[in-house]
1. Please go through the range 65-82 and give me each residue that is under 11 Å from A221 (Cα atoms) and either of a type outside the set (V, I, T) or at pLDDT below 95 (or both), ordered by number.
2. Consider C160 against the criteria (1) closer than 30 Å to R317 by Cα; (2) part of a helix (DSSP H, G or I); (3) in contact with a Phe, Trp or Tyr (Cβ under 6 Å, 6 or more places away or on another chain): it satisfies all of them except one. Which criterion is unmet?
3. With respect to I156, is the statement that it is over 27 Å from T320 (Cα atoms), open to solvent by less than 10 Å² (accessible area, probe 1.4 Å) and at pLDDT 95 or above true?
4. Take the range 208-223 and flag every residue that is surrounded by fewer than 21 Cβ atoms within 10 Å (Cβ to Cβ) and assigned to a helix (DSSP H, G or I).
5. Return the residues of the range 128-143 that are open to solvent by less than 10 Å² (accessible area, probe 1.4 Å) and modelled with pLDDT under 95; say none if nothing qualifies.
6. Between residues in the range 194-215 that are modelled with pLDDT under 95 and residues that are among the basic types (K, R) and surrounded by 24 or more Cβ atoms within 10 Å (Cβ to Cβ), which pairs lie under 9 Å by C-beta distance while being six or more apart or on different chains?
7. Check off (1) buried (at least 17 other Cβ atoms within 10 Å of the Cβ); (2) at pLDDT below 95 for M266 and give me the number that stays unchecked.
8. Would you check which residues across the range 163-187 are open to solvent by less than 50 Å² (accessible area, probe 1.4 Å) and either aromatic (F, W, Y) or part of a loop (DSSP other than H, G, I, E, B) (or both) and list them?
Amino acid sequence: MIIDLRSDTVTRPTPGMMQAIMNAEVGDDVYKEDPTTNKLEQKLTDMFGMDSALFFPSGSMANQAAIKMHTQPGEQLIADKWAHVFNYEGGGVSFNSGVSCKLIDGNRGMVTAAQVEENINPPDFYHSPLTSLVCLENTTNKGGGACYDFSEIEKIRQVCDKHELGFHLDGARIWNALEAQKQNPRDYGKVFDTISVCLSKGLGTPMGSVLLGKNEIMKKAMRVRKVLGGGMRQIGFMTAAGIYALDNHRNRLAEDHKKASEISEMLAKQSYVKKVESTETNIVIFYLAEAISEEKFMNDLLQKSVKISSMGQGKLRIVTHFDYTDAMHEKLLQMLSDYNK
Ligand SMILES: *Cc1c(COP(=O)(O)O)cnc(C)c1O
């Protein structure tokens, strides 16, 4: 039994999901004739109260498309220094859109409205890049699944309005934030111009993200997706998994959060652990005491069939998900408690 806690993307489709995939009604999505994909896009449009939605093969492609739709080459976007769009999308911001990033030294991957405002280049000062977009992430990945305070998001919206900036949410982990904070997706639909949501992280589909947005900007989405190589045919087989996941897997995220918080509490009690970040959702980030190297710790766990990941700068990461069973959880808690004794 391998306990894989490197990411919540390691899940495999459940029998119910496989059935939904097998039974999917499909057509050619390049002609917008895939009924299942149209249904998923409509479902998410309604859920978030936005105008339009488009399926993408990955979260990175959905974010990259959004950035391209919001910007012109030479312009600049504002994001936290830990943002996925800057750190983990292969330099796509500059490659795909010719845009630079102004990075904010935020708190656990989150920025404040004041920080955003301070980092906007004056639009009439033609020496500096024109600021045109703000990208937030909720929950934050590198920030350890931290959730924004919604009132701060609303304040950032006001700053974007005042300075005529686009406002994009990298919501790859939005389901976890909605669950942890008991929020309504429609509140997000009201404040953001575009939102990417992921179906393969906490929800467990084999692939896929959806970009949601207002009509005005989403008019460009089909062409940009095509340019990025993302025009697809009978993707109803994948979007059926998405519909199934929204209907059947969203309501169990609380369980992932509970397990993560129990792991977090267990780690906090151990002398070999220096610090555990506060755990709000399904990601636990912790640092080891000086006496133990990350490499040794990870190797010792691996010997016991447990996989976790390192995020650099001394950060170790554990992510819970629906393939992480109660039996695995008990075994892991025991192992963490016995380690080094
Ligand atoms: C995973 C993730 C993405 C991108 O997802 P891929 O599907 O792997 O491209 C984007 N943003 C955040 C915050 C993520 O956690």
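1. Across the range 65-82, the qualifying residues are A65, A66, K68, M69, H70.
2. Of the numbered conditions (1) closer than 30 Å to R317 by Cα; (2) part of a helix (DSSP H, G or I); (3) in contact with a Phe, Trp or Tyr (Cβ under 6 Å, 6 or more places away or on another chain), the odd one out for C160 is (1).
3. So I156 passes the test.
4. Residues of the range 208-223 surrounded by fewer than 21 Cβ atoms within 10 Å (Cβ to Cβ): 214-217, 219-220, 222-223.
Of everything in the range 208-223, those that are surrounded by fewer than 21 Cβ atoms within 10 Å (Cβ to Cβ) and assigned to a helix (DSSP H, G or I) turn out to be N215, E216, I217, M222, R223.
5. Across the range 128-143, the qualifying residue is only G143.
6. K201/R173; G202/R173
7. Unmet condition: (2).
8. Listed by number, the residues that qualify are L165, F167, A172, R173, W175, Q183.
The values are calculated or read from the model by the stated rules, or taken from the named source; none is laboratory data. For clarity, every value in this text was computed on a predicted model and none was experimentally measured. Neighbour counts are summed over all protein chains in view; Cβ atoms, including those assigned to glycine, are modelled from backbone coordinates with ideal geometry. When the accessible area is computed, the model is the full protein with side chains, heavy atoms only, and any ligands, DNA or RNA have been set aside. Shrake-Rupley method; radii C 1.70, N 1.55, O 1.52, S 1.80 Å.
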